[in-house]
Amino acid sequence: MTAHPAFHEGSEPRRIDQPIPCPQPGAAEEVYGMADIQVDVRGETCPVPLVETRKALRKASPGDTVEIIGTHPASKKEIPMALKALGLKLVDIQEEGDVWTIRIGI
Amino acid sequence: MTDKATIVVHSGDMDKLYSALIISTGALSMGMEASLYFTFWGLERLVKGKLEKGPLSKMHLLGLGKWMVRRRMKAANVASLERLLQDFKELGGKIIACEMTMEIMGIRREDLREDLIDEYGAVGAYIQEARESNITLFI
């Protein structure tokens, strides 16, 4: 995967040129390395995870995979609802302790 | 009918402005359109430098209540009104300023944050938005 010119600083959704470190060994590693845009909203509360997800989805291109990492419990349910309303594909949801990871296909 | 939320922002209270901005950015995030019609005390919050200046709707206690709530909000990492407003605009939200309020309160366009305002209107502007919305609220 090559570096993308649209690299954003701070809490902005950012394109990544490195595979995201995989929290679980084995088969999931390949899946984790596929995300094109990663949004880290750990510690953020309503409505930020949902809003940042939408902002990232607007910036994504067809074929991209968007990964949202957060801790806000309600957003874990709301983001899939938003995806359904937007007609986008929920690839999977993973949880590890309080941290959830939602992967979206564009 | 469009999948749209239209909210009348009548109150200038800090907590109520949070409700209006959270609901409207939430609607935009979930794929709806959203319009905010700022009138009376709500419009005062769009005067330059006044966004975060609203009192608490209950238990303001001369500012002590607001101070306590703000401290709790900071601890909970709640986004600022400014950030929510910027998100609202970035996601395509529309802001309408009530012209009658401007006249009554002596607010000129240059007093307002004109960069955020899409339209200056009256009741007709609200009705046109509301008649094609499936959610409309008065806050």
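The values are calculated or read from the model by the stated rules, or taken from the named source; none is laboratory data. Quick caveat: nothing in here was measured; it's all calculated off a predicted structure. Just the protein is used for accessible areas: all its heavy atoms, side chains included, with ligands, DNA and RNA removed. Shrake-Rupley method; radii C 1.70, N 1.55, O 1.52, S 1.80 Å.
What is the helix-to-structure angle for B:81-90, meaning the angle in degrees between its Cα long axis and the longest Cα principal axis of chain B, kept from 0 to 90 and rounded to the nearest 10?
Here the helix axis deviates by roughly 20 degrees.
Please give the calculated 222 nm ellipticity per residue for the protein assembly as shown, where each DSSP H segment of at least 4 residues contributes -39500 (n - 2.57) and the sum is spread over every residue; nearest 500 deg cm²/dmol?
It lands at -10500 deg cm²/dmol.
In the P(r) worked out for the protein assembly as shown, what percent of Cα pairs fall beyond 28 Å?
Counting every Cα pair in the protein assembly as shown, those more than 28 Å apart make up 40 percent.
Using protein chains only and a probe of 1.4 angstrom, how many square angstrom of B:LYS89 are accessible, to the nearest 10?
50 Å²
In percent, how large is the relative contact order of chain B, given Cα pairs closer than 8 Å and 6 or more residues apart?
39 percent
What shape does segment B:4-138 have by the C-alpha gyration tensor, where a ≥ b ≥ c are the square roots of the eigenvalues, rounded means a/c under 1.5, and otherwise prolate means a/b greater than b/c and oblate the rest?
Since a/c reaches 1.5 but b/c is at least a/b, the shape of segment B:4-138 is classed as oblate.
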